[in-house]
1. Pairs of alpha-carbon atoms within less than 8 angstrom and 6+ residues apart define the contacts here; what relative contact order does the chain have, in percent?
2. With no solvent and one point on each alpha carbon, what is the Debye value of log10 I(q)/I(0) for the chain at q = 0.08 Å⁻¹?
3. Sorted by mean Cβ packing within 10 Å, highest first, what order do the peptides 554-566, 244-256, 126-138 take?
4. Using only Cα atoms, what is the ratio of the radius of gyration of region 376-613 to 2.2 N^0.38 Å?
5. Can you give the charge dipole size of the chain about its Cα centre, rounded to the nearest 20 debye, using +1 on the beta carbon of Lys and Arg and -1 on the beta carbon of Asp and Glu?
6. Taking the dipole about the Cα centre of the chain, with the C-beta of Lys and Arg at +1 and of Asp and Glu at -1, give me whichever of Pro390, Val157, Gly476 is farthest to the positive side.
7. What angle, in degrees between 0 and 90 and rounded to the nearest 10, separates the Cα long axis of helix 121-140 from the longest principal axis of the Cα atoms of the chain?
8. How high is the relative contact order of region 13-323, in percent, counting Cα pairs under 8 Å that sit 6 or more residues apart?
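What follows is calculated from the coordinates using simple rules that are stated; it is not laboratory data. Computed from a prediction, not measured in an experiment: that's the story for all the values here. Please note: Cβ atoms are built from the backbone with ideal geometry, for glycine as well, and neighbour counts cover all protein chains shown.
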Amino acid sequence: MAAVASLPAGGDDLSFAALRSLIARRRGRFTFATVLRVIAASLPALQPYFLAELATSVNEPDRAGRYLVLLFATGLVHFLLWTICDYYVATKINPLTYEFKRLAFETVWSEEYQRFVDRPSGKVASYVNDLRTHSNALWDAAHYGFVPVLASIPVYVFLLWRTARGNAVVYAVFLLGAGVILALVAGPVNARQRHLTNTTSTNTGRVFDSYANFVNVFSFRAHHKEIDRNNRQLDGLITDDVRFGVSLATYWAVSSVLIRGFLWAAVMGFSWYQFDRGAISFIAMVVSITVLIDFTAQYWSVVHNLGEWIDKSARFREAYTYLFPGRNIVTDPPAASSTTLPGSTTSVLDAHTVAPRATTPAAGSPAGPAGRMLESLEVRNLRFAYPDEPDRLVLDDVSFTVQLGERLGIVGRSGEGKSTLIKILLGFYQPTSGEVLVDGRPVGPTELAALQSYVPQDTSLFQETVEYNIGYAEPGAADPARIRQAAEKANIADFIDTLPDGFHTMVGERGIKLSLGQRQRIAIARAFLKESDLVILDEATSALDSETEARIQESLVELWEGRAAIVIAHRLATLNDVDKILVIEKGKVVEQGKKEDLLASPGRFAEMWGLQRSGLQ
């Protein structure tokens, strides 16, 4: 049992600390369930004694009847208490593991953008799902495996002390020795299970990624490449699984030797020796042997549940540590968590609620509320380096202003910092230095995210309905009438009506059932639905044919009417409708002004314009 006590310490992570914090917040529930289970489990431990007394009451009917009643009563009360506890666990304890998963899901979404860039999404998803499964399995192993045995041991010791004290000493020595030996044997099992969990999850994420990119696989006819890569990964996974299996088999073999080779021989031999010498009565010997048989069943339950504990604790630790290294998510939850475990009932999504747009105020009006832009957005002396390359500035001293109702175009060669600038304006990253101001007031990532509507170059959709994907722009459930109105403004409502289920048609994984142009129109419909004061378009038409681009351009002109618009453009011809152009080179603003003025003077924009007209860029 020493092995069991040593495991929850947490080691090099806070995984078990989080579980202990969860238990502490619901201490009353866990205590009640445990006490009820202890009482229920301790009653059957009395039955070997009652049975031995019954066996020696052949000529004493009253005494035999009394012990029969006691046998029946202990069984009945055990059944009633055990069943009540089962219902209590099902209704009051098991739901907490789902709340733990809910908290884990929200905590992942509260992390910074860079964390999503650094980790495979399939592995993250797999681990978030596994946390609930493994935490529930840990509870089951402890509650149904360890607690009944721990409740029975004091009863066994008491009975043996009353009838055969020498055997009580044998059991005590065995429990201490077996605990130490099993702890030593369990160590390699735990380490190899954690390693196996990591490689298994990596392979799971790889399989997810393979199927998620089925278009690429079919496009390049790369089925065998995917199969070969998976087979190579499985070869390593099989090796890890075999090593774990061998260590687990060793654990079971040692457990068998301990109970069958040592305890049985010691108890049976010593009991007979004492009875033969007249040191104990026949009843005492029967109690000793009966307790041995009953204890063996309990012992195998402990060994089995200890194996389950080792397995699930290793999996739980690996998943938790990968997701939340150095963090106790129960005591340190997301700032605006909606989970019912600790603290606030406000959803993290509530921070993105945006008030309906108002009419444009007169110049000089005071700064508006959060999530609104009444006059202008200003980027001032902005510098930025990615966290993994802190010494390399991707943006260096970038400054510009865009007024409400103004359209700003941003151009530059690939890799010059345009997309990074957009990520900062979207609130994905904090600037390394400098600031972003709305109506003269510095704002952070959360307010920037609430302020804008974004139309990306490649729109990825959820595997949901058209209506769901358009309505995703709003924090809660969107009004179907407003969704249709937004689709009409994006010039896609007529097409949606031709689909088999109209707005309720499933779009397929990442929107695969729709063309690129149709997905772009859904992104534009989202932007119409959100009704924000700032529209950001990241090369939204660069991958489209000229006819589709022209139709979408009409929707875009209507979209940015009365709003501020920032347009990233690779094809310079799409900038005909902008008021001002910003040229970025090596992370710096090298030119800015009206299109005609930039073309009239020799400079980077004029050079890029000439190269595109010549078909060289």
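1. On the way: 891 pairs, mean separation 86.1, N = 617.
The value is 14 percent.
2. The Debye formula, applied to the Cα set alone, gives -0.76.
3. On the way: 554-566: 18.5, 244-256: 15.8, 126-138: 20.7.
The peptides rank, most packed first, as 126-138, 554-566, 244-256.
4. Details: Rg = 18.2 Å, N = 238, 2.2 N^0.38 = 17.6 Å.
Dividing the Cα Rg of region 376-613 by 2.2 N^0.38 Å gives 1.03.
5. Working: 60 positive and 65 negative charges, 411 e Å.
In total the dipole reaches around 1980 debye.
6. With unit charges placed on the Cβ atoms, the residue in question is Val157.
7. 20
8. On the way: 264 pairs, mean separation 96.0, N = 311.
Over region 13-323, the number comes to 31 percent.
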